[in-house]
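Novice: The structure under discussion is supplied below as structure tokens; questions concerning it will follow.
The values are calculated or read from the model by the stated rules, or taken from the named source; none is laboratory data. Every value quoted in this text rests on a predicted model; they were computed, and no experiment measured them. Note: ideal-geometry Cβ built from the backbone for every residue, glycine included; neighbour counts use all protein chains shown.
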Amino acid sequence: MSQNDLVLDVRDLSVSFRTGRGKVRALRHVDITVPKNKIVGIVGESGCGKSTLINSVLRLLAPNAIIEPGSQVDFLGDDVIKMSNSQLTDLRGQRISMVFQDPMTALNPVISVGTQMTDILYRLKIPMAEKRKRAADMLAQVGIPDAQRRLEDFPHQFSGGMRQRICIAMALMMNPALLIADEPTTALDVTLEAQIIHLMKELREKFECSMLFVSHNLGLIAELCDEVIVMYAGEVVEQGEVHDLFHRAAHPYTRMLLECDPARIAEARQELPTITGSVPDMIDLPPGCIFAPRCPRRYEPCDASPPEPYAVSDQHSARCFLVRDGR
Amino acid sequence: MADNILTVKDLRVRFRTAGLVKALVNRIEDPFIDAVMKVSFSLGRGETFGLVGESGSGKTTLGRAIIGLVRAQEGSINYDGSELIGLGDKQYRSIRRNIAMMFQDPVASLSPRKTVRASITEPFRIHKMGVANLGEEARRLLDLVGLHQGFMGAYPHQLSGGQARRVGVARALALEPKVIIADEPTAGLDVSVQGEILNLMNRLQRELGLSYLIITHNLPVVRHVSDKLAIMYLGRFVEQGTTKEIFERPAHPYTLGLLAAVPEPDPDKRRDKLELQGEIPSLMRRPSGCEFHTRCPFVQKKCLEVAPKYEEVAPGHWASCHFPFPDPADAKAVGPGAMPGMGNVPYAPGAAGEERLAAGAAMGDSMKKDIFRGSR
């Protein structure tokens, strides 16, 4: 794939946090790409580095974070890591926008929805009436009835599902090249979740924007994404095209994650599968593969040195010696 | 019945929405909302009963009413032969030794200023039970839920979600209750940890003979853990039966919609259609007739006017729908997939009932039978 087809190209990104106990190596050598008009899903459990990754892309990291030398976050040809503060302001909310997890807290409770939406357009030198019209149009696009009138309303006057629709509308106001959605449906009921996912599919056709969709729900990733990235303890352990990944998962962690999902278990049963052990301490990393201590298929090379990403097929790779050795 | 440890009958919980003065001034005739509306079910000894519904369906209120945290206005709650409705605070306290509650959000339900040891032994102090050796009890409880003794002095912020949940389980078990009401026991946990907690609950149920009332909106989870299931909508049960029966032969369109809304982790099974549109209406403005008619893809004229009866559609399987799904003899012969027909109803947010009514009527009963080809 040529460079021009990529919206986001993250190369060898490593991020650490300085803490009292030592350096927490939260992300290590992460490579991900988001092609134009594609939805890329990031899946992984708590503490796997999903949030650190998206915060790095937006440069919203905490002050004690260190982006290690050699890291590169290329967004449409510009390296986000080298950007000045004014360039970053230009980037955030305009060229990359974000939908957060909890729509109840993402909106300002004391400012009307219309004002919050037109505020996003502060860069545009157009009359207020025009801005409000755009905001109303956008609300209508995300399925909010009677949009013009509801601009006057405050967030508490909307239900949870409607609030998330508003957040999505706000994220799309500036027609961004990349939309990052961080667990956008976790706070919602399953019926509303299905509605939001449906909406995101529709909007993707309409707005032609690329999307980075972060979730721990495998069902949603399968439903929505074109490509999938599986993260574990700060590393990308497997990535590939969505069908490849779900049907021919190569990394033991991905396989176990899929097996654990109660929605995937066809027969009702009393004892559910789990992944034994816990995530390793990210200050004192094991010398070999990061998943080795919990891996049921661990063998000699796993403890010696960390695995590289090995190709499973054209668009599918996994950091696992089993793939290298064809076992 | 002798083998039921908990029997709830026609339970009604109302909340006041306006004070006496405000109600008089604004001429509000009925300043109440019904959060739980005439609900009946029974929990067998050693059984697990799942309570499923969207936010605002009243499932948490029902759980809290049973343990006496909110007062029920009508009906009966019978625990092991004794009636709980009408008990005073003091009398209720002794009941709570036998019925424990695990609250939503494992971390937030623990006091941030108490160590794990203090949290799990607090029930003994509250109930003024002279326990000779609290440390011993704490060790026993931690052992029971599979937590290392080293957690004894830890504070909630030092725990992961799964560990905090285990502490919640330990605390609920402290007084050796017979019934545990678990409100969203797996919400906010990773899938691998979800399994651990459910396995733990299962093991404890076998070892200690516990009965569970599990309140959740996670259908894939209840399927594996509960024996019986009730689906709640706007404070009422709309369907009730054995878990197996409900998953295999859902009778109510709402149940079917909930089942269809769960995404399958398989990219080949993507859904193009949306099964359930809109959101749960406000309790202040209950719809006329069948209260689900505003969202039902199969709405007919009758549904707008007449409230359906809650009737037995098969032995032990109850539903309130004028047109419950028939029992499909060939349900097993068809594979999963998108549900044909559902979602074909044009969605016009805020549109008057007529449009959707027309669309629903056009689909007719024959279409409804076909739906089953797609349900799981």
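Novice: Taking the condition surrounded by 16 or more Cβ atoms within 10 Å (Cβ to Cβ), modelled with pLDDT under 95 and closer than 18 Å to B:Leu175 by Cα, does B:Ile85 pass?
Specialist: no
Novice: Tell me, yes or no, whether the stretch B:107-116 has at least one residue that is assigned by TED's automatic domain parsing to the domain that holds B:Tyr155, charged (D, E, K, R), outside any strand (DSSP E or B) and within 22 Å of the chain's Cα centre (by Cα).
Specialist: So in the stretch B:107-116, the residues assigned by TED's automatic domain parsing to the domain that holds B:Tyr155 come out as B:107-116.
Applying the additional criterion that residues be charged (D, E, K, R) yields B:113-114.
With outside any strand (DSSP E or B) added as a condition, the list becomes B:113-114.
Those still in the list that are within 22 Å of the chain's Cα centre (by Cα) too: none.
Looking for residues that are assigned by TED's automatic domain parsing to the domain that holds B:Tyr155, charged (D, E, K, R), outside any strand (DSSP E or B) and within 22 Å of the chain's Cα centre (by Cα), one finds none in the stretch B:107-116, hence no.
Novice: Among the residues that make up the stretch B:176-196, is at least one of them more than 16 Å from B:Ser119 (Cα to Cα), assigned by TED's automatic domain parsing to the domain that holds B:Thr216 and of a type in the set (Lys, Arg)? Steps first, answer last, please.
Specialist: Within the stretch B:176-196, the first condition is being more than 16 Å from B:Ser119 (Cα to Cα), and the residues that meet it are B:177-196.
If we keep only those that are assigned by TED's automatic domain parsing to the domain that holds B:Thr216 as well, we get B:177-196.
So of that shortlist, the ones also of a type in the set (Lys, Arg) come out as B:178.
Yes, the stretch B:176-196 has at least one match.
Novice: Pairs please, first residue from the stretch A:64-90 and on the phi > 0 side of the Ramachandran plot, second anywhere and assigned to a helix (DSSP H, G or I) and exposed (fewer than 12 other Cβ atoms within 10 Å of the Cβ), Cβ atoms under 7 Å, 6+ apart in sequence or on different chains.
Specialist: Nothing qualifies.
Novice: Let me ask you something else. Mind listing whichever residues of the stretch A:101-133 are surrounded by fewer than 17 Cβ atoms within 10 Å (Cβ to Cβ), over 25 Å from the mean Cα position of the chain (by Cα) and part of a helix (DSSP H, G or I)?
Specialist: Residues satisfying the conditions are A:Thr115, A:Asp119, A:Tyr122, A:Arg123, A:Met128, A:Ala129, A:Glu130, A:Lys133.
Novice: Please go through the stretch B:150-170 and pick out each residue that is free of Cβ contacts under 8 Å to residues at least 40 places away in the same chain, away from chain A (no Cβ under 14 Å) and either among the aliphatic types (A, V, I, L, M) or surrounded by 12 or more Cβ atoms within 10 Å (Cβ to Cβ) (or both).
Specialist: B:Met152, B:Ala154
Novice: Still on this structure: Within the stretch B:280-304, track down each residue that is out of contact with any Cys (no Cβ under 9 Å at 6 or more places or on another chain) and without any contact (Cβ under 8 Å) to a residue 40 or more places away in the chain.
Specialist: B:Ser282, B:Arg285, B:Pro287, B:Ser288
Novice: With the condition kept exactly as written, say whether any residue in the stretch A:240-263 is in a strand (DSSP E or B) and crowded, with 21+ Cβ neighbours inside 10 Å.
Specialist: There is at least one residue in the stretch A:240-263 that is in a strand (DSSP E or B) and crowded, with 21+ Cβ neighbours inside 10 Å.
So that you can scan it fast, the table gives a plain yes or no per residue for (1) without any contact (Cβ under 8 Å) to a residue 12 or more places away in the chain; (2) within 14 Å of chain B (Cβ to nearest Cβ); (3) crowded, with 20+ Cβ neighbours inside 10 Å; (4) among the basic types (Lys, Arg):
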site	(1), (2), (3), (4)
A:Ile144	no, yes, yes, no
A:Gln148	no, yes, no, no
A:Pro155	no, no, yes, no
A:Gly161	no, yes, yes, no
A:Ala171	no, no, yes, no
A:Met174	no, no, no, no
A:Ala181	no, no, yes, no
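Table: residues versus (1) in a loop (DSSP other than H, G, I, E, B); (2) modelled with pLDDT under 90; (3) under 17 Å from the mean Cα position of the chain (by Cα); (4) buried (at least 17 other Cβ atoms within 10 Å of the Cβ).
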| site | (1), (2), (3), (4) |
| --- | --- |
| B:Lys38 | no, no, yes, no |
| B:Gly46 | yes, no, no, no |
| B:Ala65 | no, no, yes, yes |
| B:Ser76 | no, no, no, no |
| B:Gln91 | no, yes, no, no |
| B:Ser94 | no, yes, no, no |
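Novice: Here's something else I'd like to know. Among the residues of the stretch A:189-204 satisfying the criterion of being out of contact with any Leu (no Cβ under 8 Å at 6 or more places or on another chain) and without any contact (Cβ under 8 Å) to a residue 40 or more places away in the chain, which is farthest from B:Phe292 (Cα to Cα)?
Specialist: A:Glu202
Novice: Restricting to the stretch B:264-299, and then to whatever is among the aliphatic types (A, V, I, L, M) and within 12 Å of another protein chain (Cβ to nearest Cβ), can you tell me which residue is surrounded by the most Cβ atoms within 10 Å (Cβ to Cβ)?
Specialist: Restricting to residues being among the aliphatic types (A, V, I, L, M) and within 12 Å of another protein chain (Cβ to nearest Cβ), the top hit is B:Leu276.
Novice: Does the stretch A:265-272 contain any residue that is away from every other protein chain (no Cβ under 13 Å), at negative phi and either surrounded by fewer than 16 Cβ atoms within 10 Å (Cβ to Cβ) or among the hydroxyl-bearing types (Ser, Thr, Tyr) (or both)?
Specialist: So the first thing to find is which residues in the stretch A:265-272 are away from every other protein chain (no Cβ under 13 Å), and the list is none.
Within the stretch A:265-272, not a single residue is away from every other protein chain (no Cβ under 13 Å), at negative phi and either surrounded by fewer than 16 Cβ atoms within 10 Å (Cβ to Cβ) or among the hydroxyl-bearing types (Ser, Thr, Tyr) (or both).
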